Protein chains: 2
Amino acid sequence: MIENDFFRALADPTRRAIFEKLAAGSMNASALRNGMEISQPAMSQHLAVLRSAKLVREQRQGRFVNYEVDPEGLALIAQWLAKYRAYWPDRIAALKVLLKDMDQ
Amino acid sequence: MIENDFFRALADPTRRAIFEKLAAGSMNASALRNGMEISQPAMSQHLAVLRSAKLVREQRQGRFVNYEVDPEGLALIAQWLAKYRAYWPDRIAALKVLLKDMDQ
DNA sequence: CCGACACATAAGCATACACTTATCTGATTT
DNA sequence: AAATCAGATAAGTGTATGCTTATGTGTCGG
């Protein structure tokens, strides 16, 4: 059950912070730690969780490992959310505008 | 931090099952238990978590309490997701179609 | 009013989870 | 080749969480 993975992954505030940081630009695990008050193993463990949830993907670069947002996880969340479109309130009109932006 | 509430609430598979059942049609706590192999207190506790995450709302009806999907929680998830629209893959085109349906 | 019913709350317990320190792997540099 | 550095993994620990068995609260029917 893949839903379990991404909801569990995002249930932790530290992991959401990591994800948000990566959304602002891909970087390696050490760079992610800057200004985050988190140990190296903790970061590594969080990244492993985000990875198995398809929210983040890695790319070895020498002895660094570059991390970036994996669109697949976001797609899965969007698909889950789409199931409940019958309940989306008008407020979600904002989302429609955003989607139009995607067409640019 | 409201994000914490809904991600934590949905991280549990039992709560997602309850939510999905409610999405198919509002009903009271006892009806929700049908075919779910879950104790009455457990259900009550799960509903409390979903309630505080704004994913579900209640409505007293005599000695029954009717539960239904609360659009507010879904809206919050959609808003969170919208922040990362830059990473949405083309696959999400399906979502655009769904949104067009909403305009009917 | 009193028993039954729908549901919430309390308290206790077992497991999951996020952290720690220590160690390991693999790549780079000198 | 040896030291160093980026990162992963292992093992242990405290706390959060989902469950259980009571018990409490409010509403209804007789």
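The values are calculated or read from the model by the stated rules, or taken from the named source; none is laboratory data. The structure presented is a predicted model; accordingly, all values stated were derived computationally and were not measured. Cβ: placed from backbone, ideal geometry, glycine included. Neighbour counts: every protein chain shown.
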For a quick check of your reading: which helices (runs of 4 or more DSSP H) sit entirely within the range A:1-85 and have at least 2 residues that are more than 8 Å from DNA strand D (Cβ to nearest atom)? A:2-10, A:13-23, A:40-52, A:71-82
With the condition kept exactly as written, say whether any residue in the range B:4-16 is modelled with pLDDT under 95 and under 23 Å from A:GLY73 (Cα atoms). no
Could you identify the single residue in B:ARG15, B:ARG8 that is among the basic types (Lys, Arg), in contact (Cβ under 8 Å) with a residue 40 or more places away in the chain and crowded, with 16+ Cβ neighbours inside 10 Å? B:ARG8
Within the range B:28-78, count every residue that is on the phi > 0 side of the Ramachandran plot and in contact (Cβ under 8 Å) with a residue 40 or more places away in the chain. 1
